[in-house]
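The values are calculated or read from the model by the stated rules, or taken from the named source; none is laboratory data. Small disclaimer: the values here were computed from a predicted structure and weren't measured. Cβ atoms come from the backbone with ideal geometry, glycine included; neighbour counts cover every protein chain shown. Just the protein is used for accessible areas: all its heavy atoms, side chains included, with ligands, DNA and RNA removed. Shrake-Rupley method; radii C 1.70, N 1.55, O 1.52, S 1.80 Å.
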Amino acid sequence: MPFTGFNLQYPEYEVITPQTHLSFTTRSLNVQDEERLKGSLLTPTKVTEHLNKCIYETLVKKPESIKDFKDFLKLVTLKDRDTLLYGLYHITYEDIRNYDVRCKNCKKDFSVTVNASDTFNFNPYPGDDILTRRVKVVLPKSKGVTCYIKQPTLEDEMESIKSMSSRPGSTMDILTETLIIDRFEQDIEAQVDPIVIDSRVDVIDAYRTLPAKDKREIYETFNNEFGKYETELKMRVFCQHCGNEDVINIDLVENFFRMVYSSWWNLPL
Ligand SMILES: [Zn+2]
(Lines give C-alpha, C1' and ligand atoms only; values in the text may rest on other atoms or scores of the structure.)
Protein backbone atom coordinates (compact mmCIF):
# COMPACT_ATOMS: atom_id res chain seq x y z
CA MET A 1 0.00 0.00 0.00
CA PRO A 2 1.36 3.48 -0.85
CA PHE A 3 2.01 5.92 1.96
CA THR A 4 -1.01 8.18 2.34
CA GLY A 5 0.14 10.32 5.28
CA PHE A 6 0.08 10.12 9.05
CA ASN A 7 -2.95 12.39 9.41
CA LEU A 8 -0.85 14.52 11.72
CA GLN A 9 -2.37 17.45 13.51
CA TYR A 10 0.41 20.02 13.66
CA PRO A 11 0.53 22.42 16.61
CA GLU A 12 -1.11 25.76 15.77
CA TYR A 13 -0.68 29.32 16.97
CA GLU A 14 -2.85 32.38 16.44
CA VAL A 15 -1.09 35.56 15.37
CA ILE A 16 -2.59 39.06 15.26
CA THR A 17 -0.51 41.38 13.08
CA PRO A 18 0.51 44.60 14.85
CA GLN A 19 0.03 46.99 11.92
CA THR A 20 -2.92 45.69 9.88
CA HIS A 21 -4.68 43.95 12.80
CA LEU A 22 -5.33 40.76 10.84
CA SER A 23 -5.79 37.40 12.49
CA PHE A 24 -3.92 34.34 11.20
CA THR A 25 -3.42 30.85 12.52
CA THR A 26 -0.12 29.27 11.65
CA ARG A 27 1.05 25.67 12.05
CA SER A 28 4.51 24.47 12.89
CA LEU A 29 7.05 23.84 10.13
CA ASN A 30 7.60 20.27 9.00
CA VAL A 31 10.76 18.74 7.55
CA GLN A 32 9.75 19.61 4.00
CA ASP A 33 9.18 23.29 4.86
CA GLU A 34 12.59 23.43 6.51
CA GLU A 35 14.25 21.80 3.50
CA ARG A 36 12.73 24.35 1.14
CA LEU A 37 13.89 27.26 3.25
CA LYS A 38 17.38 25.84 3.49
CA GLY A 39 17.50 25.56 -0.29
CA SER A 40 16.52 29.20 -0.67
CA LEU A 41 19.49 30.35 1.39
CA LEU A 42 21.79 29.39 -1.45
CA THR A 43 20.30 32.13 -3.64
CA PRO A 44 19.98 35.32 -1.57
CA THR A 45 17.57 37.06 -3.95
CA LYS A 46 15.16 34.15 -3.53
CA VAL A 47 15.18 34.14 0.26
CA THR A 48 12.47 36.76 0.62
CA GLU A 49 10.19 35.09 -1.89
CA HIS A 50 10.61 31.67 -0.30
CA LEU A 51 10.14 33.03 3.18
CA ASN A 52 6.85 34.69 2.16
CA LYS A 53 5.67 31.48 0.49
CA CYS A 54 6.68 29.42 3.47
CA ILE A 55 4.73 31.62 5.87
CA TYR A 56 1.74 31.61 3.53
CA GLU A 57 1.75 27.83 3.17
CA THR A 58 1.80 27.26 6.91
CA LEU A 59 -1.34 29.36 7.43
CA VAL A 60 -4.24 27.16 8.44
CA LYS A 61 -6.61 30.11 8.97
CA LYS A 62 -6.49 33.54 7.39
CA PRO A 63 -8.79 36.55 7.10
CA GLU A 64 -11.45 36.57 4.38
CA SER A 65 -9.82 39.55 2.69
CA ILE A 66 -6.87 37.31 1.81
CA LYS A 67 -7.92 34.91 -0.96
CA ASP A 68 -4.55 34.08 -2.44
CA PHE A 69 -0.81 34.67 -2.19
CA LYS A 70 -1.08 37.99 -4.08
CA ASP A 71 -3.56 39.36 -1.54
CA PHE A 72 -1.25 38.23 1.21
CA LEU A 73 1.65 40.22 -0.25
CA LYS A 74 -0.56 43.27 -0.73
CA LEU A 75 -2.18 43.35 2.71
CA VAL A 76 0.68 42.38 5.01
CA THR A 77 3.47 44.77 5.99
CA LEU A 78 7.10 43.93 6.71
CA LYS A 79 6.54 44.46 10.43
CA ASP A 80 3.49 42.19 10.27
CA ARG A 81 5.67 39.51 8.69
CA ASP A 82 8.11 39.70 11.58
CA THR A 83 5.22 38.92 13.91
CA LEU A 84 4.01 36.03 11.74
CA LEU A 85 7.55 34.73 11.75
CA TYR A 86 7.58 35.03 15.50
CA GLY A 87 4.44 32.86 15.66
CA LEU A 88 5.95 30.33 13.31
CA TYR A 89 9.15 30.27 15.29
CA HIS A 90 7.38 29.91 18.59
CA ILE A 91 5.17 27.04 17.48
CA THR A 92 8.01 25.21 15.71
CA TYR A 93 11.06 25.65 17.94
CA GLU A 94 9.72 27.14 21.20
CA ASP A 95 12.96 28.51 22.49
CA ILE A 96 15.87 30.35 21.02
CA ARG A 97 19.02 28.45 21.89
CA ASN A 98 22.50 29.86 22.16
CA TYR A 99 21.63 33.36 21.08
CA ASP A 100 24.90 35.27 20.86
CA VAL A 101 25.21 38.53 22.75
CA ARG A 102 28.13 40.96 22.84
CA CYS A 103 28.52 42.73 26.17
CA LYS A 104 28.44 46.52 25.78
CA ASN A 105 30.68 46.92 28.80
CA CYS A 106 33.54 44.41 28.38
CA LYS A 107 32.93 43.65 24.66
CA LYS A 108 33.17 39.90 25.24
CA ASP A 109 30.69 37.45 23.70
CA PHE A 110 28.43 35.06 25.56
CA SER A 111 25.31 33.13 24.65
CA VAL A 112 21.88 32.80 26.26
CA THR A 113 18.85 30.59 25.79
CA VAL A 114 15.58 32.46 25.49
CA ASN A 115 12.04 31.22 25.93
CA ALA A 116 10.49 33.14 23.02
CA SER A 117 7.17 33.77 24.74
CA ASP A 118 8.88 35.48 27.69
CA THR A 119 10.28 38.20 25.47
CA PHE A 120 7.15 39.13 23.56
CA ASN A 121 6.26 42.83 23.48
CA PHE A 122 3.38 43.83 21.22
CA ASN A 123 2.76 47.46 20.27
CA PRO A 124 -0.18 47.74 17.81
CA TYR A 125 -0.64 50.60 15.34
CA PRO A 126 -3.57 52.74 16.56
CA GLY A 127 -5.31 53.42 13.20
CA ASP A 128 -6.58 51.42 10.24
CA ASP A 129 -4.81 53.42 7.52
CA ILE A 130 -1.35 51.90 7.72
CA LEU A 131 -1.38 50.73 4.08
CA THR A 132 -2.42 54.09 2.61
CA ARG A 133 -0.83 56.62 4.95
CA ARG A 134 1.99 58.83 3.65
CA VAL A 135 3.96 61.09 5.97
CA LYS A 136 5.76 64.18 4.74
CA VAL A 137 9.36 64.69 5.85
CA VAL A 138 10.94 68.09 5.20
CA LEU A 139 14.63 67.37 4.72
CA PRO A 140 16.77 69.66 6.90
CA LYS A 141 19.79 69.77 4.58
CA SER A 142 18.44 69.30 1.06
CA LYS A 143 16.65 72.62 0.61
CA GLY A 144 13.39 72.48 -1.33
CA VAL A 145 13.23 68.68 -1.19
CA THR A 146 10.55 66.77 0.68
CA CYS A 147 10.35 63.05 1.17
CA TYR A 148 7.09 61.12 1.59
CA ILE A 149 7.43 57.94 3.58
CA LYS A 150 5.19 54.91 4.09
CA GLN A 151 5.06 51.52 5.72
CA PRO A 152 6.11 49.05 2.99
CA THR A 153 4.17 45.85 2.31
CA LEU A 154 5.52 42.48 1.22
CA GLU A 155 4.42 43.41 -2.31
CA ASP A 156 6.51 46.61 -2.26
CA GLU A 157 9.49 44.55 -1.20
CA MET A 158 9.00 41.90 -3.89
CA GLU A 159 8.57 44.49 -6.64
CA SER A 160 11.63 46.36 -5.52
CA ILE A 161 13.73 43.19 -5.51
CA LYS A 162 12.52 42.32 -9.01
CA SER A 163 13.15 45.78 -10.45
CA MET A 164 16.62 46.04 -8.96
CA SER A 165 17.98 42.55 -9.54
CA SER A 166 19.20 43.46 -13.02
CA ARG A 167 20.85 46.70 -11.91
CA PRO A 168 24.54 46.52 -11.13
CA GLY A 169 25.69 48.07 -7.85
CA SER A 170 22.32 47.81 -6.14
CA THR A 171 22.78 46.11 -2.81
CA MET A 172 20.12 44.52 -0.65
CA ASP A 173 20.92 47.15 2.00
CA ILE A 174 20.07 50.10 -0.22
CA LEU A 175 17.03 48.28 -1.49
CA THR A 176 15.70 47.61 1.99
CA GLU A 177 16.48 51.10 3.26
CA THR A 178 14.62 52.82 0.43
CA LEU A 179 11.48 50.69 0.70
CA ILE A 180 10.00 53.17 3.17
CA ILE A 181 10.32 56.03 0.65
CA ASP A 182 7.18 56.54 -1.40
CA ARG A 183 8.55 59.51 -3.36
CA PHE A 184 10.61 62.69 -3.30
CA GLU A 185 9.28 66.08 -4.36
CA GLN A 186 11.53 68.92 -5.42
CA ASP A 187 10.31 72.51 -5.55
CA ILE A 188 11.30 74.46 -8.65
CA GLU A 189 11.04 78.24 -8.66
CA ALA A 190 9.97 78.54 -12.28
CA GLN A 191 6.94 76.29 -11.92
CA VAL A 192 4.00 75.80 -9.59
CA ASP A 193 4.09 72.03 -9.27
CA PRO A 194 7.09 70.27 -7.78
CA ILE A 195 9.07 67.63 -9.67
CA VAL A 196 7.97 64.20 -8.45
CA ILE A 197 10.57 61.43 -8.21
CA ASP A 198 8.66 58.20 -7.67
CA SER A 199 10.08 55.41 -9.82
CA ARG A 200 12.08 52.87 -7.76
CA VAL A 201 15.26 53.42 -9.74
CA ASP A 202 15.10 57.22 -9.40
CA VAL A 203 14.18 57.06 -5.71
CA ILE A 204 17.25 54.92 -5.04
CA ASP A 205 19.52 57.21 -7.06
CA ALA A 206 18.13 60.27 -5.25
CA TYR A 207 18.49 58.57 -1.87
CA ARG A 208 22.17 57.88 -2.51
CA THR A 209 22.88 61.61 -2.87
CA LEU A 210 21.22 62.65 0.43
CA PRO A 211 23.33 64.20 3.20
CA ALA A 212 23.60 61.84 6.20
CA LYS A 213 21.51 64.17 8.36
CA ASP A 214 18.58 63.94 5.94
CA LYS A 215 18.78 60.16 6.02
CA ARG A 216 18.60 60.28 9.81
CA GLU A 217 15.56 62.56 9.68
CA ILE A 218 13.77 60.11 7.37
CA TYR A 219 14.48 57.16 9.67
CA GLU A 220 13.55 58.94 12.87
CA THR A 221 10.24 60.03 11.38
CA PHE A 222 9.59 56.53 10.05
CA ASN A 223 10.23 54.97 13.42
CA ASN A 224 7.93 57.40 15.22
CA GLU A 225 5.09 57.16 12.72
CA PHE A 226 5.23 53.50 11.65
CA GLY A 227 8.22 51.47 12.77
CA LYS A 228 7.64 51.39 16.51
CA TYR A 229 4.32 49.59 15.97
CA GLU A 230 5.61 46.06 15.94
CA THR A 231 6.36 42.98 17.95
CA GLU A 232 9.61 43.28 19.79
CA LEU A 233 11.52 40.46 21.36
CA LYS A 234 13.31 42.11 24.24
CA MET A 235 15.24 40.35 26.93
CA ARG A 236 17.21 41.30 30.02
CA VAL A 237 20.63 39.64 30.07
CA PHE A 238 23.58 39.56 32.46
CA CYS A 239 27.11 39.30 31.04
CA GLN A 240 28.76 36.02 32.02
CA HIS A 241 32.15 37.73 32.14
CA CYS A 242 31.61 41.01 34.00
CA GLY A 243 27.99 40.82 35.24
CA ASN A 244 26.89 43.91 33.32
CA GLU A 245 23.10 44.10 32.86
CA ASP A 246 21.63 44.88 29.46
CA VAL A 247 18.35 44.69 27.55
CA ILE A 248 18.77 43.17 24.10
CA ASN A 249 16.46 43.15 21.12
CA ILE A 250 16.48 39.74 19.45
CA ASP A 251 16.67 39.69 15.67
CA LEU A 252 14.14 37.00 14.95
CA VAL A 253 14.53 36.89 11.18
CA GLU A 254 18.23 36.18 11.41
CA ASN A 255 17.69 33.72 14.22
CA PHE A 256 14.90 31.97 12.36
CA PHE A 257 17.23 31.01 9.55
CA ARG A 258 19.94 30.05 11.99
CA MET A 259 17.45 27.70 13.62
CA VAL A 260 16.29 26.22 10.32
CA TYR A 261 19.91 25.49 9.57
CA SER A 262 21.04 24.27 12.96
CA SER A 263 18.18 21.78 13.18
CA TRP A 264 19.91 20.18 10.23
CA TRP A 265 23.58 20.68 11.15
CA ASN A 266 23.13 19.41 14.69
CA LEU A 267 21.68 16.06 13.74
CA PRO A 268 23.69 13.38 15.59
CA LEU A 269 24.69 11.24 12.57
ZN1 LIG B 1 30.70 42.03 30.13
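Using the structure shown, decide if Thr48 is open to solvent by less than 40 Å² (accessible area, probe 1.4 Å), assigned to a helix (DSSP H, G or I) and in contact with a Pro (Cβ under 9 Å, 6 or more places away or on another chain). Taking the combined requirement at face value, the residue does not satisfy it. Only residues that are away from the ligand (no atom under 16 Å from the Cβ), among the β-branched types (Val, Ile, Thr) and open to solvent by 30 Å² or more (accessible area, probe 1.4 Å) were counted across region 242-262, and they come to 1. Say we look at region 192-210 and pick out the residues that are in a helix (DSSP H, G or I) and open to solvent by less than 40 Å² (accessible area, probe 1.4 Å); which of these is farthest from Ile181 (Cα to Cα)? Within region 192-210, the match that is farthest from Ile181 (Cα to Cα) is Ala206.
In region 209-238, the residues that are of a type in the set (Gly, Ala, Ser) reach residues that are at pLDDT below 95 with C-beta atoms within less than 9 angstrom, at least six apart or across chains, in these pairs: Gly227/Lys79.
Of the residues making up region 42-71, those that are touching a helix residue (DSSP H, G or I) at 6+ places or on another chain (Cβ under 9 Å) and of a type in the set (A, V, I, L, M, F, W, C) are Val47, Leu51, Cys54, Ile55, Leu59, Ile66, Phe69. So which pairs qualify, if the first residue must be in region 240-252 and more than 19 Å from Tyr93 (Cα to Cα), the second must be within 7 Å of the ligand (Cβ to nearest atom) and open to solvent by 40 Å² or more (accessible area, probe 1.4 Å), the Cβ gap must be under 7 Å, and the two must be at least 6 apart or on different chains? Correct list of pairs: His241/Cys106; His241/Lys108; Cys242/Asn105; Cys242/Cys106; Asn244/Asn105; Asn244/Cys106. Could you check region 122-168 and list, in sequence order, the residues that are of a type outside the set (D, E, K, R) and within 12 Å of Glu225 (Cβ to Cβ)? The answer is Tyr125, Pro126, Gly127, Ile130, Val135, Val137, Tyr148, Ile149, Gln151. Checking each residue in region 96-129 for being within 16 Å of the ligand (Cβ to nearest atom), open to solvent by 60 Å² or more (accessible area, probe 1.4 Å) and at pLDDT 90 or above picks out Arg102, Lys104, Asn105, Lys107, Lys108, Asp109. Of everything in region 228-239 that is open to solvent by less than 30 Å² (accessible area, probe 1.4 Å) and either modelled with pLDDT of 95 or more or aliphatic (A, V, I, L, M) (or both), the residue that is nearest to His90 (Cα to Cα) is Leu233. When every residue of region 62-69 is checked against the conditions, none turns out to be open to solvent by 10 Å² or more (accessible area, probe 1.4 Å), closer than 17 Å to Pro124 by Cβ and of a type in the set (A, V, I, L, M, F, W, C). Beta carbons closer than 8 Å, at least 6 apart along the sequence or on distinct chains, pair a first residue in region 64-86 that is under 21 Å from Phe226 (Cβ atoms) with a second that is modelled with pLDDT of 95 or more and among the basic types (Lys, Arg) for Phe72/Lys62.
Residues of region 105-116 that are over 10 Å from Leu233 (Cβ atoms) and either touching a residue at least 12 places away in the same chain (Cβ under 8 Å) or in contact with a strand residue (DSSP E or B) (Cβ under 8 Å, 6 or more places away or on another chain) (or both): Asn105, Cys106, Lys108, Asp109, Phe110, Ser111, Val112, Thr113, Asn115. Just one residue in the set Lys150, Lys213, Lys141 is surrounded by 11 or more Cβ atoms within 10 Å (Cβ to Cβ) and closer than 29 Å to His21 by Cβ; that residue is Lys150. Would you please name the residue that is farthest from Val138 (Cα to Cα), looking only at residues in region 213-241 that are among the β-branched types (Val, Ile, Thr) and either away from the ligand (no atom under 16 Å from the Cβ) or in a loop (DSSP other than H, G, I, E, B) (or both)? Restricting to residues being among the β-branched types (Val, Ile, Thr) and either away from the ligand (no atom under 16 Å from the Cβ) or in a loop (DSSP other than H, G, I, E, B) (or both), the top hit is Thr231.
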